[in-house]
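Peer 1: Handing you a structure now.
Every number here is computed from the coordinates shown, using simple stated rules; none is lab data. Everything numeric in this text was worked out from a predicted model, so none of it was measured. Cβ: placed from backbone, ideal geometry, glycine included. Neighbour counts: every protein chain shown.
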C-alpha cells in the first residue's frame, strides 16, 4: 500500500492541479504527503561566466536578485499549497539543487511522485507540446512511478481507471506498481490492449486482468484491433474520460509505440487526465 506521496510545487497551472490530485490521493489512502520546493540555487549563483572588467559587481547583484526571486516564488507556491491542504499535515522539502537531481534524490523516500505536466521549477517555460526536462529525467533515471497531471485536469469522481497494457516490461512495472500501491480503491478499473490482431489484444488484456485479480482488483478487459496504437489509445481516453490512466513508458513497440520521447510526449501532451506512468 502507498505510504508516502511527494508533490513538486511551483506556480504553474499544472503544478496546482498536481497539488489537488496529490491531496485527493493522500486523503483517499491515508498516505503521508511531502511538498517539494526546488530552489535551484546553483543556477542563480554561477560566477564562472565571462564578464567584462568591472562587471563582477553587476553579476553578483543580478544573481542575488535571481536568488531572492526563486525563494519568493517558492514560498508563494508553498502558501498556495498550504491553503489547498487545509488541516492535513504535510512535510516541506526545500531542495537547493537543480530540479532533476533534487527530485531524483528526494523521491528515494517516497512511493509516488505527483508532478504537473508544465512544471518549470524555476527554469524556463515549457512549450505546450513539450515534455518538461525534469519529467523526462525522472522517467528515464528514477525508480518510482510518476503521476503526471495536465493543467486542464478536472476531478472526475465518477470516472474509471484506464490501464493501457501491451505486455512490455514498462507496462508490467506500471501495472504492478499500481496494484501494489493500492490506488484502485473502489474505483472501476478497465484494461485496454491494442494489437494488429483482435485475438492478440484480447490475450494481452486477459493477462493484465488476471494479474489484477490476484491482487483482489476486478477489471474489465477492452481489446481493440489497429495499426496506430497511440491514436486509438487517445481516442479511447477521450471517450471513456477516466479519473486517471496507467501506462508504461519508452517502448519501441507495442501499445504506445514509444520510441524514446515521441510516444510519451504525445501521450502526456494530449491526454486530459492524470497519467500514472513508469519506465
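Peer 1: Points 7 angstrom from Cα along the Cβ direction at residue 235 and residue 269: gap in nanometres?
Peer 2: Here the answer is 2.0 nm between the modelled labels.
Peer 1: Quick one, can you get me the convex hull of the C-alpha atoms of the range 126-220 expressed as volume per residue in Å³?
Peer 2: Hull volume over Cα atoms, normalised by residue count, gives 129 Å³.
Peer 1: Also, I was wondering about something else. Using a 7 Å offset from the Cα along the Cα-to-Cβ direction at both residue 156 and residue 79, what is the distance between the two label points in nm, to one decimal?
Peer 2: In this crude label model, residue 156 to residue 79 measures out at 3.5 nm.
Peer 1: I'd like the FRET efficiency for residue 24 and residue 198, computed as 1/(1 + (r/R0)^6) with the beta carbon distance as r and R0 of 41 Å, rounded to 0.05.
Peer 2: E between residue 24 and residue 198, to the nearest 0.05, is 0.70.
Peer 1: If I take R0 = 45 Å and measure r between the Cβ atoms of residue 213 and residue 71 in this structure, what FRET efficiency does the formula 1/(1 + (r/R0)^6) give, to the nearest 0.05?
Peer 2: 0.35
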